[in-house]
Amino acid sequence: MMKRLMGAWRFRVSTADGMAGAKNSKVSAYADTHGGGHQAYRADIDGLRTVAVLSVLVFHAFPSLLPGGFVGVDIFFVISGFLISGIIFREVQAGTFTFADFYSRRVRRIFPALMLVLVCSAAAGWFVLLAEEYATLGKHVVAGVVFVSNILLWRESGYFDVTSELKPLLHLWSLGVEEQFYLFWPVIVLCAARWKMRVIRMAIGLAVLSFVCNIALMQLKPVATFFLLPTRFWELMAGGILAWYLPSARVRDFLSNSLMRFNGKSISNADIAALLGLSLLLVAIFGLDADVEFPGWYALLPVVGAVCLILAGPSALINRCILAAPLMVAIGLISYPLYLWHWPIMAFLRNADRDLTPTSGIVAIALSFLMAILTFVLLEKPLRQLRGTARRNATLVLLIVSLLVIGGGTLLVVKKGFPGHIDGAVVQRSAVFDLKSSPQAACQQRYRFDGDLCRSRHIDTNPDAVIIGDSHADHTYLALSEAMDQSGKTLLLLGNNGCPPLPGVRFQKLECQKYTDAAFEIAARSPAKTVVLAGRGPIYMLGKAFGEVEKAKDKQYGAILVSNPRLSHQEAYMASLESAFQLLTHASKHIVFVLDNPELGFHTRDCIDTRPMHFFNASGVKSSDCSIPRTIFDQRNELYRQRVMELAKRYPNVQLVDAAEPFCDESACRGILNGTLMYRDETHLTPAGSELVSEKIMAILKSS
């Protein structure tokens, strides 16, 4: 049965197809210059894998030690592109390449450790994660099996996305990029062979195109640029291009020759390449940090560095003495399971204990090594030794297991994370963090507004007031709409998460201008007497984020005036705010502008125990104080508040509400008041916090 399945899927490239055909074929250049046979094992490449995986591990556990350790993933991309492309080239040249054999090998190489990690992660999630988090994990399990984790993470990178360090399967994005590459790359090589094209020209062209896209989209779509294959393709292709050229006699002769002398001795070009490669990697690992725009231009450091080290060959001094050292090779052999295990272990520790301490970081690394060794010895190595029918059967079993894992992940999603498995007290404490809003279809239909903030308690009634803004307008709406309802009044919310309440402005999302301009137009022509403007002003004016959670989000901040994009964020914000005041004043509206509430800079989950279990932090609390010094708030908000106040003085119909007053005294701004949580994350208010702000707005509305 297995033979029939595999045979039906075979697609062989005969010698007539070109790659290994007549010497007048344009693609026979590889066959002419590279010879046949298998590529000799290179211990130094396993050593380079060690550099990559240890960089990633240390960066994730102790980021201050190796601030650029994340480039280890880019090193892996180059290694993978080099090794797998070499296999494809040799087999296509020999006329022995089949998709069935190629993908069967990928299944046997990738699936054993991956399926084990996915199953163990799902099991651990039962004890560590809340129901909603557990359901999300199920979605990530499915994405991990079908290698679309990078696409899922890109789609999830919205305004209220969970900070990345808490996602147990975040690291599978890189595996998604690699396997997507191997869906397309063999097809491209085979098509080039069939159409008698030069593979290398196509490879170089695609690599250049991918790199240009990476640079061009870095500013516009930083998250997509980081996660998606089109802007990462060039990194794997760098290894593929190297695999094409490295076996040629010209390259070997160049590497063995010498262009430099030191202390009277010749230094081979191979040694120069290795030294250059190692230097570039060290600059990247120690010189970059998480704040740089990556990949972008900076990705050239690890990519070129890895290319140089592989190019140098096994005889280069650095490769021979350092990378091929027994310990380096040993770690390199378990680098794949080590990479798979380390992140779930660290993420579950962070979820349970709020953070990694030096102790838990060391434990996480040690446990990662233990699990990687066991996985390699007990699972991967025995499977690699299978031959013939046993090997084919193993492939089929792994595919069946993958379907079962997909089914298990889907079940977690369908059952919404099995809410009953969590203690009721924990669920109650965490409920305040799970507040989510969605637009009313009836609201969007009535006002022909497709922003994601469109709500009213009485959609068939004309509003007495309209509130325009971003997610801060949304959390203000929570209590204000209820208070107005009790007074017999109706409030309409219009806006979009992550979009400032400023007409003619672009911010992060290019559609912000469309949504906000439409909201102002609706408000201006509505019978509502009052328009409330609420938004995260400091971030729009200063162009700078604040706090730990923001590190996981896009780093593109600050208002940009579409009509004059050269203006600074500050001037763009003020020019647009004045336009808003003028537009609403012309429409005879009373304007209430909400000076933004304080940003805490940390997630308030850190302030109370909401976890089902703990490991090293028995209290489950990271910060019992749950406050920031008043001086920090003043420093961040002084310019914003001063300029808005000055502008408001020029408009008699504008009144200001200070949303900081309820939470700040002379010494601090607090996320908990009288034992009640005021914030549901680092910046958004709970219903209790919203009530304090809405009371101030209602006082103005009643007096106007």
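If I filter the range 204-212 for residues that are hydroxyl-bearing (S, T, Y), under 27 Å from the mean Cα position of the chain (by Cα) and surrounded by 18 or more Cβ atoms within 10 Å (Cβ to Cβ), do I get at least one hit? Please lay out each step first, then the result.
The initial filter retains those residues of the range 204-212 that are hydroxyl-bearing (S, T, Y), namely 210.
Next, from what is left, pick out any that are under 27 Å from the mean Cα position of the chain (by Cα): 210.
Filter once more, keeping what is surrounded by 18 or more Cβ atoms within 10 Å (Cβ to Cβ): 210.
Yes, some residue in the range 204-212 is hydroxyl-bearing (S, T, Y), under 27 Å from the mean Cα position of the chain (by Cα) and surrounded by 18 or more Cβ atoms within 10 Å (Cβ to Cβ).
May I ask you to list the residues in the range 671-685 that are in a loop (DSSP other than H, G, I, E, B) and β-branched (V, I, T)? Even if it seems obvious, please write down each step before you answer.
Kept after step one, since they are in a loop (DSSP other than H, G, I, E, B), are these residues of the range 671-685: 671, 674-675, 678, 680-684.
Scanning the range 671-685 gives a single hit, T683.
Can you find, within the range 468-522, the residue that is nearest to the chain's Cα centre (by Cα) among those that are farther than 21 Å from R457 by Cβ and among the basic types (K, R)?
Here the residue is K509.
Give the residue that is farthest from A299 (Cα to Cα), with candidates limited to residues of the range 180-237 that are of a type outside the set (K, R) and outside any helix (DSSP H, G or I).
So in the range 180-237, the residues of a type outside the set (K, R) come out as 180-193, 195, 197, 199-200, 202-220, 222-231, 233-237.
Next, only the ones that are outside any helix (DSSP H, G or I) stay: 195, 197, 218-220, 228.
Values: W195: 33, M197: 30, M218: 12, Q219: 15, L220: 17, L228: 14 Å.
Taking the candidates together, the pick is W195.
How many residues does the range 41-59 contain that are at pLDDT below 95 and either under 24 Å from T357 (Cα atoms) or not in a loop (DSSP other than H, G, I, E, B) (or both)?
Selection size over the range 41-59: 0.
Is there a residue being closer than 21 Å to R605 by Cβ and in a loop (DSSP other than H, G, I, E, B) anywhere in the range 140-157?
First, the residues of the range 140-157 that are closer than 21 Å to R605 by Cβ: 140, 153, 156-157.
Subsequent filtering for residues that are in a loop (DSSP other than H, G, I, E, B) retains 157.
Looking for residues that are closer than 21 Å to R605 by Cβ and in a loop (DSSP other than H, G, I, E, B), one finds at least one in the range 140-157, hence yes.
Here are some conditions: (1) surrounded by 19 or more Cβ atoms within 10 Å (Cβ to Cβ); (2) at pLDDT 95 or above; (3) not in a strand (DSSP E or B). L647 meets all but one. Which one does it not meet?
Result: L647 fails condition (1) only.
Given the criteria assigned by TED's automatic domain parsing to the domain that holds R566, closer than 20 Å to H590 by Cβ, at pLDDT 90 or above and not in a strand (DSSP E or B), does A528 qualify?
Answer is yes for this residue.
Which count do you get for residues in the range 404-421 that are of a type in the set (V, I, T) and touching a Leu at 6+ places or on another chain (Cβ under 8 Å)?
Residues of the range 404-421 of a type in the set (V, I, T): 405-406, 410, 413-414.
From the residues that got through so far, the ones that are touching a Leu at 6+ places or on another chain (Cβ under 8 Å) too are 405.
So the count comes out to 1.
Can you name the number of the only condition in (1) closer than 20 Å to E179 by Cα; (2) surrounded by fewer than 21 Cβ atoms within 10 Å (Cβ to Cβ) that C120 fails?
With (1) closer than 20 Å to E179 by Cα; (2) surrounded by fewer than 21 Cβ atoms within 10 Å (Cβ to Cβ) applied to C120, the lone miss is (1).
Being in contact (Cβ under 8 Å) with a residue 40 or more places away in the chain and either of a type in the set (S, T, N, Q) or at negative phi (or both) is true for just one of E156, E165. Which residue is that?
Values: E156 fails: in contact (Cβ under 8 Å) with a residue 40 or more places away in the chain.
Every option except E165 fails the conditions.
Considering only residues that are under 28 Å from the mean Cα position of the chain (by Cα) and loosely packed, with under 14 Cβ neighbours inside 10 Å, look in the range 361-398 and name the one that is nearest to F615 (Cα to Cα).
Ranking the qualifying residues of the range 361-398, first place goes to I362.
Quick one: L172 ticks every box in (1) of a type outside the set (V, I, T); (2) within 23 Å of M237 (Cα to Cα); (3) surrounded by fewer than 23 Cβ atoms within 10 Å (Cβ to Cβ) except a single one, so which number is it?
For L172, the failing item is (3).
For the range 274-367, give me every one of the helices (runs of 4 or more DSSP H) that falls completely inside it and has 1 or more residues that are under 30 Å from A249 (Cβ atoms) and in contact (Cβ under 8 Å) with a residue 60 or more places away in the chain. Even if it seems obvious, please write down each step before you answer.
Numbers: elements: 300-312, 326-333, 335-353.
Once the helices (runs of 4 or more DSSP H) in the range 274-367 are filtered for at least 1 residues that are under 30 Å from A249 (Cβ atoms) and in contact (Cβ under 8 Å) with a residue 60 or more places away in the chain, what remains is 300-312, 326-333.
To keep it simple, each residue is scored yes or no on (1) modelled with pLDDT of 95 or more; (2) loosely packed, with under 14 Cβ neighbours inside 10 Å; (3) within 36 Å of the chain's Cα centre (by Cα).
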{"position": "S256", "(1), (2), (3)": "no, yes, no"}
{"position": "R261", "(1), (2), (3)": "no, yes, no"}
{"position": "G264", "(1), (2), (3)": "no, yes, no"}
{"position": "S268", "(1), (2), (3)": "no, no, no"}
{"position": "L275", "(1), (2), (3)": "yes, no, yes"}
{"position": "F286", "(1), (2), (3)": "yes, no, yes"}
{"position": "D289", "(1), (2), (3)": "no, no, yes"}
{"position": "V292", "(1), (2), (3)": "no, no, yes"}
{"position": "L300", "(1), (2), (3)": "yes, no, yes"}
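For the range 60-70: of the residues being crowded, with 22+ Cβ neighbours inside 10 Å and in a helix (DSSP H, G or I), which is nearest to the chain's Cα centre (by Cα)?
So the first thing to find is which residues in the range 60-70 are crowded, with 22+ Cβ neighbours inside 10 Å, and the list is 60-61, 66, 68-69.
In the following step, the residues that additionally are in a helix (DSSP H, G or I) were identified as 60-61, 69.
On the way: H60: 14, A61: 18, G69: 16 Å.
Among residues in the range 60-70 that are crowded, with 22+ Cβ neighbours inside 10 Å and in a helix (DSSP H, G or I), the one nearest to the chain's Cα centre (by Cα) is H60.
The values are calculated or read from the model by the stated rules, or taken from the named source; none is laboratory data. This structure is a prediction, so every number in the text was calculated from the model and none was measured. Positions of Cβ are generated from backbone atoms using ideal geometry, with glycine treated the same way; all protein chains shown enter the neighbour counts.
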